[in-house]
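Engineer: Pasting a structure below so you can have a look.
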Amino acid sequence: MYLYEAVAEAIARHGITAIFGYLGDDIAKLVVACRERGIDYYGARHENQAVAMADGFSRATGRTAIAAVTGGPGFTNALTAVNTASRFGSGVVVIVGTGIGGPKDLSHPDVCAAMNIHCVQPGTPADTLTDVARAFRAADAGVATVLSLPTVFMDEVTHPVERDAEAAVELDVMVPDDAAIRNVADLLEATWMVSRPVVLAGRGAVVSEAGPALIALAERIGALLATTLRAPALFAGDPYAIGTSGTYVSPVAADLLRGADCVLAFGASLNRFTTFDRTLFPKARLVHVDVADGAHGLHVDVDPELAVVGDARLTAEALVAELEARGHTHRGYRTPAVRRQLAEFSPATTFSDSTRHGAIDPRTLALAVDALLPPERVVVVDGGNNSAFWVTHLQVRQPQDFMQTSYVGGAGGIGLSLGAAIGAAIGRPDALVVNCVGDAAHLMALADLDTAARYHVPLVVLISNDQALGAEVHYLSLVGLSTEVAEIAPPDLVAVAQALGAEAMTIDSVADLDNLARRLAEPITGPIVVDCHVDRSVRADWVDMLWGNRVVPLGRT
C-alpha cells in the first residue's frame, strides 16, 4: 500500500471517527483513504473553523480529534484556531501537507516553534508512521499537535505498522512529596490562622478527576468549593459550591471569597481573571498544587513551602489521609447560615432590567433562555462583551458541557465558536449544543453556517445582536472617544441564515421567547439561528477590570 493509505490505516486504528477539514491537493488522498476506512469527513468552508470543529469535538467528548487542512496558506488561515486548541490543551491533531513547492511552501515547524505549538514532521518515509503515532500520543495527553506530512513521501510504497507500534504510553502521574503534604496539613490544623478556607479547582483538577477527593477535603476542613472557568460545574449539587471564581463571579460568591483566609488551588494558574486582578481573596494564604513546578508564583506570590508539585487528585487524597490520621476536622465556612445564603441567592436580583422596546437586557435574555433549554446541553460561548452574560447565567451539568473559544484557555480571538459548536454537536448527540455569540463574531464564521446546514447538525445559535462590536464600543466610551467606528450594524441575520439553509427567528422582546420555547419543544434536526436584539448599553464586568482602571479619558490628567 501507499504511505498515505498506511497513515489512514493508523488513524482508523486509533479510533478516530471524524475528520474536519478543508481540502487541498496535499491532503486529498489521505482524506479519501480515511473515508474508505469508515471515518466520516466534514468539509468546512474555512480552515479556521475546521480546526475549531476538531477542538470543539475534543473538548466536548474528551477524545482526540483530527483536522486536516492544506499546507502553507491553509495552515496560516487556521492558525488562530490551532493556537486556541494548543493553549487550552485540547486533544487535537492538525494534519497539514508540507513541501508542496511554489508559493505555498512554508516551514510549519518554524511557525509552530515561534508560537509554542507542538509540531511533528517526519524526516524520512521510514519515520512517518512512528511520527504519526507520536502525534497521537501527544494529543491523547492533551497537547494539541500539528502533524506536518511531506507530500513527497505519501506516494511511497510501504507496509502498515504493527499494532503495538502505536500503543499508548503510560503517562507519569505526579505524586506529591510527603513533606509538602505535612506542611499544608500543619497550616490547616492552625485554625486560628485558617478558619475560612476555600478549595479552588482548575483544569488540572478536571484532567486528574479530582472532584470527589476535593469535595472530601473541603468537607473535612470546612471549605467552600469554587472553580475556574476551565472546571465549571465540577462541584455541581454541593450545597457549599459557590460557582466560578474570578471575572464571572456572582455577588454572593465574591462576598464569601473576600473573607477567605486560605485558598487551596488545585490545577489552577491563579491568573488575573481567576483572581479578578488579585482583589477577590486579597488576605488569603495560598496553597498552590500543580504538576508543573514552574507554575507556582506565575501570576501570584506563593509561599514555597505551600507550593505542592503533584497531581490534583493524589494531592487531595494525601491531604485527606494526613488530616484524618491527625484527627483534624473543622467547621469553617460550612455553617447553616452560609448554606442558607447560597441557597437563597438569585441572579435575577443582581441587576435592574434595562429591557426596552426592540432590545432585551442581555442578562434577562440569558436567564430566560437558561430556563427554556433542556438540562442535557453543551454551551459553547464566543468572546466579546456579550459573552459575560451567557457564561454567568447558562448552567451546565459537568465541565465537558461548557467551552469558551476566546478567553478561557484560548488565544483571545473571536469568531471560533460556531466551528466549535458544530464539532461538539457531532461528538455529543446526547445533548443540545447551544452556540452563544455576538453578531460580529457570528459574521466572521458565517460561511460555516452552511456547513452546519449541509450536514444537518442539530444546534441552536443564539446571537447577541447589539448592532456593533460591543466590547470596542465600551472601550472607546471609557477613553472618551467616539464609538462610531465600532458601530457596524449587521445585515438581516435571519434572512442570511435562511439563505444558507438554516432555520431562523428574531427575538426583540420578552414575549418572543414563547416562540423559542415552542420550537425547542420540537425535534431539532439542523441549525436554528436566533437573532436576539439586545441592549448595547449593558457593560460586562470584565470590561471594567481590563480597561476601566487603566485608561485616562482624553483631556484628563
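The values are calculated or read from the model by the stated rules, or taken from the named source; none is laboratory data. Keep in mind the model is a prediction, meaning the values are calculated, not measured. Backbone-built Cβ (ideal geometry, glycine too); neighbour counts: all protein chains shown. Keep in mind that these areas ignore ligands, DNA and RNA; they rest on the heavy atoms of the full protein, side chains included. Shrake-Rupley method; radii C 1.70, N 1.55, O 1.52, S 1.80 Å.
Engineer: Return the residue satisfying two criteria in turn: it lies in the stretch 504-536 and is within 27 Å of the chain's Cα centre (by Cα) and of a type outside the set (A, V, I, L, M, F, W, C), and of such residues it is surrounded by the most Cβ atoms within 10 Å (Cβ to Cβ).
Structural biologist: Pro527
Engineer: Which of the residues that make up the stretch 178-226 are closer than 21 Å to Lys283 by Cβ, among the hydrophobic types (A, V, I, L, M, F, W, C) and open to solvent by 20 Å² or more (accessible area, probe 1.4 Å)?
Structural biologist: Within the stretch 178-226, Trp192, Met193 meet the criteria.
Engineer: I want to confirm something. Restricting to the stretch 13-49 and keeping residues that are touching a helix residue (DSSP H, G or I) at 6+ places or on another chain (Cβ under 7 Å), in a helix (DSSP H, G or I) and aliphatic (A, V, I, L, M), which single residue is nearest to Asp448 (Cα to Cα)?
Structural biologist: Going through the qualifying residues, I end up with Leu30.
Residue-by-condition table, conditions (1) open to solvent by less than 30 Å² (accessible area, probe 1.4 Å); (2) on the phi > 0 side of the Ramachandran plot; (3) acidic (Asp, Glu):
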position: Glu324; (1), (2), (3): no, no, yes
position: His328; (1), (2), (3): yes, no, no
position: Pro336; (1), (2), (3): no, no, no
position: Ala343; (1), (2), (3): no, no, no
position: Thr349; (1), (2), (3): no, no, no
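Engineer: Would you confirm whether any residue within the stretch 227-247 is part of a helix (DSSP H, G or I) and open to solvent by less than 30 Å² (accessible area, probe 1.4 Å)?
Structural biologist: Within the stretch 227-247, not a single residue is part of a helix (DSSP H, G or I) and open to solvent by less than 30 Å² (accessible area, probe 1.4 Å).
Engineer: Within the stretch 6-30, track down each residue that is free of Cβ contacts under 8 Å to residues at least 40 places away in the same chain and surrounded by fewer than 21 Cβ atoms within 10 Å (Cβ to Cβ). Full working, then the answer.
Structural biologist: The initial filter retains those residues of the stretch 6-30 that are free of Cβ contacts under 8 Å to residues at least 40 places away in the same chain, namely 8, 12, 17, 28.
The answer is Ala12, Thr17, Ala28.
Engineer: Considering only residues that are small (Gly, Ala, Ser) and either in contact with a Cys (Cβ under 8 Å, 6 or more places away or on another chain) or open to solvent by 10 Å² or more (accessible area, probe 1.4 Å) (or both), which ones fall in the stretch 411-424?
Structural biologist: Start the filter on the stretch 411-424 by keeping residues that are small (Gly, Ala, Ser), which leaves 411-413, 415, 417, 419-421, 423-424.
Matches in the stretch 411-424: Ala411, Gly412, Gly413, Ser417.
Engineer: Quick one: count up the residues across the stretch 268-289 that are buried (at least 24 other Cβ atoms within 10 Å of the Cβ), in contact with a strand residue (DSSP E or B) (Cβ under 6 Å, 6 or more places away or on another chain) and assigned to a loop (DSSP other than H, G, I, E, B). Break it down into steps so the answer makes sense when it comes.
Structural biologist: Residues of the stretch 268-289 buried (at least 24 other Cβ atoms within 10 Å of the Cβ): 268, 270, 274-275, 281, 287-289.
Now narrow it down to the ones that are in contact with a strand residue (DSSP E or B) (Cβ under 6 Å, 6 or more places away or on another chain): 268, 281, 287-289.
Right, trim to assigned to a loop (DSSP other than H, G, I, E, B) and you get 268, 281.
Count: 2.
Engineer: Could you please find all residues in the stretch 537-557 being hydroxyl-bearing (Ser, Thr, Tyr) and either at pLDDT 85 or above or open to solvent by less than 30 Å² (accessible area, probe 1.4 Å) (or both)?
Structural biologist: Initially, the stretch 537-557 is screened for residues hydroxyl-bearing (Ser, Thr, Tyr), giving 537, 557.
Within the stretch 537-557, just Ser537 meets the criteria.
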